[in-house]
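Working notes for the structure below.
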Amino acid sequence: MVGAATAFFAGRAGFAPLLIERRPALCTLTTPASTGAFRLQFDNLEELRLVRESVELFLNFQEITGQREYDLKVRQQGYLFATTEEDRATWQRGLVAEQHQWGQTDIELLEGAEVRSRFPWVGRNVVQARFRAGDGFLDPKQLTMGLVAGSGARVLLNTGVTGFRVLGDRLMAVETTSGEIATERAVIACGPLSGELCRAVGAELPIETVTRQKLVLPDVPEVPRDAPMTIDDETGAHWRPALNGAYVLFTDPSTPTSPATDKVPVDPDFVFTVLSPDGPASIGRIVPFWNAVWSRGSAHWFLQAGQYTNTPDHRPLLGPLGIEGLFVNTGYSGHGIMGSPAGSRHLVDVLAGKVDPDDNPFRVDRPFEVREFDRL
């Protein structure tokens, strides 16, 4: 996804992009394991501005990309953050007031009775929720391939990048398993594997990789097809309609880091964590029909796994690596689908010299303020 977005904006800026992919096909690792969703409910203005720009692309995708083959299938069904605790409700009220000050005035605060009036399947223990109807879902595969089609990029598959040829402090070529490719500019946009490739030129990125699980439950009749992304604001467990059933996710902040890999293991215990009524992040805690699904037993489920690429402040790394002509676009900390279109436009502006290095808030060598973990 990040590579595709980089290629798209590079093409628009007048460059001739070449995508180099070591796997047999594009979009087969972390991107298809994503939630496939977007929102404008953030706790900081910088990220809100970034994703606002991305959402404009999502909502006008075929017009902006100039292609008709790929359709994002956008469904604006909303994000519903529900809480059962008065302290969290107070925090929600403060956050929504701040979001309104930032111009995002379409985020609503709903009292418990109003939540159940709109979404009758929500439990009676929910005392409040924040909701934005314009948030929603999309198809990340269509997004990736549509950006590639709109970029006019050439694509090399089954071609691994092994390093870079540098003369002095200037990039001269990209070294690959298929030979050397001469170029004056290259962008490392390899998701969780970006840090590994940056080490080939002695650059150590401030990133950590963390494995995340996605439970896929096709054909669950209890799931309303028009439901929003529904988040337990205490635990962070969340689900959204998909495949006549749902995707279920939980980004546990206590998950340890793990080495970057393109063979991400699934964890069978994750199913019990989010589905069992006594699980530590049971989605049935605020939506009782999930307990009925658990009791009945689902005929089908399977797991996917990918990796978040986290930075200390949970904002991306966009900019040069200290070698003239070599750049990086990574570190979206779980927000790659909704953040990387705008982030890649920004990166290409940096690459083209339109942004002064000192005015780049996402530069690799910036001072990092450690932020609270965003569970989504």
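Data table
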read-out: Residue satisfying condition, being of a type outside the set (D, E, K, R) and touching a strand residue (DSSP E or B) at 6+ places or on another chain (Cβ under 9 Å), within set Ala133, Ala149, Ala113; value: Ala133
read-out: Scan of the stretch 321-340 for residues that are more than 29 Å from Thr255 (Cα to Cα) and in a strand (DSSP E or B), ordered by number; value: Glu324, Leu326, Phe327
read-out: Search result, residues across the stretch 129-173 that are under 15 Å from Arg39 (Cα atoms) and of a type in the set (D, E, K, R); value: Arg130, Arg132, Asp135, Asp139
read-out: Breaking point among (1) surrounded by fewer than 20 Cβ atoms within 10 Å (Cβ to Cβ); (2) within 19 Å of the chain's Cα centre (by Cα); (3) at pLDDT 95 or above, for Ala227; value: (2)
read-out: Answer from Phe42, Phe61 - the residue that is on the phi < 0 side of the Ramachandran plot, in contact (Cβ under 8 Å) with a residue 12 or more places away in the chain and more than 14 Å from the chain's Cα centre (by Cα); value: Phe61
read-out: Search result, residues across the stretch 26-45 that are surrounded by fewer than 20 Cβ atoms within 10 Å (Cβ to Cβ), outside any loop (DSSP other than H, G, I, E, B) and out of contact with any Lys or Arg (no Cβ under 7 Å at 6 or more places or on another chain); value: Leu45
read-out: Condition met for Ser258 (part of a loop (DSSP other than H, G, I, E, B) and either more than 24 Å from Phe119 (Cβ to Cβ) or at pLDDT below 95 (or both)); value: yes
read-out: Any hit, the stretch 266-281, residues being touching a residue at least 60 places away in the same chain (Cβ under 8 Å), in a helix (DSSP H, G or I) and either crowded, with 20+ Cβ neighbours inside 10 Å or under 19 Å from the mean Cα position of the chain (by Cα) (or both); value: yes
read-out: Count - residues of the stretch 73-88 that are crowded, with 21+ Cβ neighbours inside 10 Å and either in a helix (DSSP H, G or I) or out of contact with any Lys or Arg (no Cβ under 9 Å at 6 or more places or on another chain) (or both); value: 0
read-out: Test for Pro221: is it at pLDDT below 95, surrounded by fewer than 16 Cβ atoms within 10 Å (Cβ to Cβ) and assigned to a loop (DSSP other than H, G, I, E, B); value: yes
read-out: Filter pass, Asp365 being among the acidic types (Asp, Glu), part of a helix (DSSP H, G or I) and outside the structural domain of Phe250 (by TED's automatic domain parsing); value: no
read-out: Among residues of the stretch 286-315, those that are farther than 30 Å from Arg366 by Cα and at pLDDT 90 or above, counted; value: 15
read-out: Check on Phe119, under 29 Å from Arg345 (Cβ atoms) and either modelled with pLDDT under 95 or of a type in the set (Phe, Trp, Tyr) (or both); value: no
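Every residue, every condition in (1) touching a helix residue (DSSP H, G or I) at 6+ places or on another chain (Cβ under 9 Å); (2) surrounded by 15 or more Cβ atoms within 10 Å (Cβ to Cβ); (3) touching a residue at least 60 places away in the same chain (Cβ under 8 Å), yes or no:
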site	(1), (2), (3)
Phe327	yes, yes, yes
Gly331	yes, yes, yes
Gly336	yes, yes, yes
Lys354	yes, no, no
Arg363	yes, yes, no
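Quick grid of which residues meet (1) within 23 Å of Trp239 (Cβ to Cβ); (2) at pLDDT 95 or above; (3) out of contact with any Asp or Glu (no Cβ under 9 Å at 6 or more places or on another chain); (4) of a type in the set (Lys, Arg):
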site: Thr35; (1), (2), (3), (4): yes, no, yes, no
site: Arg39; (1), (2), (3), (4): yes, yes, no, yes
site: Leu50; (1), (2), (3), (4): no, no, yes, no
site: Thr65; (1), (2), (3), (4): no, yes, yes, no
site: Arg88; (1), (2), (3), (4): yes, yes, no, yes
site: Gly94; (1), (2), (3), (4): no, yes, yes, no
site: Thr105; (1), (2), (3), (4): no, yes, yes, no
site: Ala133; (1), (2), (3), (4): yes, yes, no, no
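The values are calculated or read from the model by the stated rules, or taken from the named source; none is laboratory data. For clarity, every value in this text was computed on a predicted model and none was experimentally measured. For neighbour counting, all protein chains shown are included, and Cβ atoms are generated from backbone atoms with ideal geometry for every residue, glycine included.
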